[in-house]
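Here's the structure we're looking at; comments come further down.
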Amino acid sequence: MTANSSFYDKILVFLKYALPLVAVMMFVYHMTYTQNILQMSTQHQATHLLLGATLTYWTVILQLLQQERRKPLLLVLLTVVWLAGIVAAGYIEIFAASIEARQGFGNTTDLIMGSLLILMIWVGCWYSFGPVLTILSVAAAAYFFMGHLIPGYLGHGYIPPKNVMSFLALGFSGVFGDYMMASADYIFLYMVFGALLAASGGERFFVGLGRMVSRVIAGGSGQTAVVSSGLLGMVTGVAVAEVGITGSFTIPAMKKEGYSAEEAGAIESVAATGGQIMPPVMGIAAFLMAILVGVPYIEICKAALLSAILYYIAAVLGVRALALKRNITGALKEAGLGLPPVSGREMLRLSPIFIIPLGLMIYLLLLRYSVMFVAFWAIVTVLVLSLAQKITRKSPKEYVAAITKGATWGGQIAIASGTIGILAKALITTGLVAKVGMIFETVSFGVPLIYAFWVMVFAILLGCGAPTLAAYALVAAVMGPSMVNYLGISMMQGHMFMEYFAIISAITPPVAAACMAACKISGGDYIRTGIEASKLGIGLFLVPYFFIHDPALLLAPGSTLQQIVFIFLLAPIDIWLLAAAVQGYALTRLTLWERAVYGAGAVLLVLYVVTGRGTWTTAVVAGIGIMIFMTVRELVKRKRIRAAS
């Protein structure tokens, strides 16, 4: 063994013990902060970033040390960048009051410290989320510094570099502001909550409930994946992580039942992605939306409820159609599929660990308690319930491992939030947001539906290379204000539309991050998995267009019960028609002309919704009529097929 190898091994051992220690420190700090405001907001965000960056960098260094071929120079560079960023964060902690007093008018020290902080954030983001988000942020910062050199419409006035850095890295905006506040005050503790709940028996409960559903609805382990991933998504809201947790056993089970590798990966991807819009926790972008829209978080949950239910109705119907096409009955037992068996008695004993914390969260949110306060008591409840039963009780090492996992997720989100803050501040302060919005208005030719289409495309494209939080934040910054004005809709409608498509980008080619994670488990072709996921979730693309044209689907103030019931019943019918046309299966296998009829019915219902009620009343009658006619026809057809066999 060489001296270098021995040195690296010592660092490796140190990090294996130090990483959980820092994670627990970060967890304890945030839990304490929910009960006692320990420092002012910017200092709190700086502490959050300092600890989160430490977890992120140490995790990356640990992974590099575990590789067979170590890279000494890279390890040294990462360590130097991290240390420099920590010094800069410490500078902000100590001199926060004076820095905020001169925001927008920085000095030389601000320029140096801000540069070190931003460098740490960019490098950490590159390693955590890939190059796209980092490159976009670097480009935006470069535009802030040098955009005055661009002639014409897209240029902006000269801003001194010291002042630019003050805007980007210090004070109330840029790195520290709405995005970092959402990460520090909202997102972090819910990441830990989800990890603790899953580790304390929640995961087994989700799988067991999914198996119960799969015995009622055709689809077998495909329905298990939909239900278990959806339930897990309610408490974690991280699609790629959910694919890794539940997909590790649902994807092999689906392949054994007869689904192809691509279909199994697609089902798991669609199911996991929907967790980001399922209350009460939803995805990390929802917490940011509460800040940007300026409403209590419970209002975001209320607005998302019906569309989230529609999402999973579409997923269940899609899996059902796919299973029937493949003649998958779900007859194989858990043991044959490799799924962990969960008895009814065990389900009953596990149910409190899921039902009570979520019920408490909803109750406290309805009483308008702060999100931080709710997170604190949700975590305490999970820990108490976990310790109360042997079946859910874990060892101290397992609890620490769960906290470390959740805290590491939260630390990476802190890095991403800083990157997004730099990007958004550069676009807004330079006026580029308004200019881009006007360009999109021009190419929409005065048609609101075309503008909504461009917003959808923009959100999906951004989601191709950036996490959901970044995709939503950027599209909200660039197109949010103009979308609300151009379409004449509420901020809630506009932001829900943007977030929905930022989320759907996780299952939309060419990148489809959730599908990429699923392929690592399924062994399927990545592009084909993305295509299958898009086909499976085709109805999901309709839902946002429904609620920007009919706010009753978001339970908007002023909506009558009749309006809510009507649109909530109409949307699944349209999803059913469209899914049948795309999948080629409804109650029986469809011929080409039958698929065309189903597609025509779907188009008629969409026209009714997007053109406004009253102008296309005949369309809704015809669309529902097609659904009834084809359903009766298929029932007769299925009866004949069964009689013949």
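Summarise the accessible area of region 507-645 (1.4 Å probe, protein heavy atoms) by the percent that is carbon and sulfur. That share works out to 70 percent. Looking at region 357-458, the accessible area is 43 square angstrom per residue; that uses a 1.4 Å probe and ignores ligands, DNA and RNA.
Spatial offset of region 441-502 relative to region 392-408 amounts to 38 Å, using the alpha carbon center of each.
Accessible surface for region 514-594, divided over its residues, is 39 Å² per residue with a 1.4 Å probe.
Ranked from the most accessible area to the least, with a 1.4 Å probe and all protein chains present, what is the order of Lys256, Lys302? Working shown, then result.
Working: Lys256 115, Lys302 80 Å².
Sorted descending by solvent-accessible area, the residues read Lys256, Lys302.
Given the pairs Lys255/Lys520; Lys325/Lys637; Lys255/Lys637; Lys325/Lys535; Lys256/Lys520; Lys256/Lys405, which are separated by over 19 angstrom at their Cα positions? Please report the intermediate quantities before stating the final value.
On the way: Lys255/Lys520 14 Å; Lys325/Lys637 15 Å; Lys255/Lys637 30 Å; Lys325/Lys535 14 Å; Lys256/Lys520 17 Å; Lys256/Lys405 30 Å.
Distance filter (> 19 Å) returns Lys255/Lys637; Lys256/Lys405.
The smallest convex shape that holds all Cα atoms of region 356-421, its convex hull, gives 98 Å³ per residue.
Solvent exposure of region 99-171, expressed per residue, is 44 Å² of accessible area, with all protein chains present and a 1.4 angstrom probe. Straight-line reach from Lys435: taking Cα to Cα under 30 Å and skipping same-chain neighbours fewer than 8 places apart, the lysines in range are Lys162, Lys425.
In whole angstrom, how far apart do the alpha carbon centroids of region 156-198 and region 530-588 sit? So the separation of the two Cα centres works out to 35 Å.
When ranked by the protection proxy of mean other Cβ atoms within 10 Å per residue, highest first, what sequence do the peptides 182-194, 281-293 form?
Highest mean packing first, the order is 182-194, 281-293.
Under the simplified labelling scheme, the Val380-Ser248 pair shows an inter-label distance of 3.1 nm, with each label point 7 Å from Cα along Cα→Cβ. Residues in region 381-398 carry Karplus couplings, in order, of 5, 4, 5, 5, 5, 5, 6, 6, 10, 5, 5, 10, 6, 10, 6, x, 4, 6 Hz; the curve used is 6.51 cos²θ - 1.76 cosθ + 1.60 with θ = phi - 60°, and Gly or Pro positions show x.
The dipole here belongs to the chain: it is taken about the Cα centre, uses +1 on the Cβ of Lys and Arg and -1 on the Cβ of Asp and Glu, and is about 1800 debye.
Suppose we look only past 42 Å in the calculated P(r) of the chain. What percent of the Cα-Cα pairs does that tail hold? Please list the in-between numbers first.
On the way: 53137 of 207690 pairs.
Value for the chain: 26 percent of Cα pairs lie more than 42 Å apart.
With the highest mean first, a sort of the peptides 525-531, 576-582, 419-425, 619-625 on other beta-carbon atoms found within 10 angstrom per residue produces 419-425, 576-582, 525-531, 619-625. Here the label points at Ala596 and Tyr29, each 7 Å from Cα along the C-beta direction, are separated by 6.5 nm in the simple model.
The values are calculated or read from the model by the stated rules, or taken from the named source; none is laboratory data. Values in this document were obtained by computation on a predicted structure and should not be read as measured data. We place every Cβ from the backbone using ideal geometry, glycine too, and count neighbours over all the protein chains shown. Just so you know, the surface numbers come from the protein's heavy atoms only, side chains and all, with ligands and any DNA or RNA stripped out. Shrake-Rupley method; radii C 1.70, N 1.55, O 1.52, S 1.80 Å.
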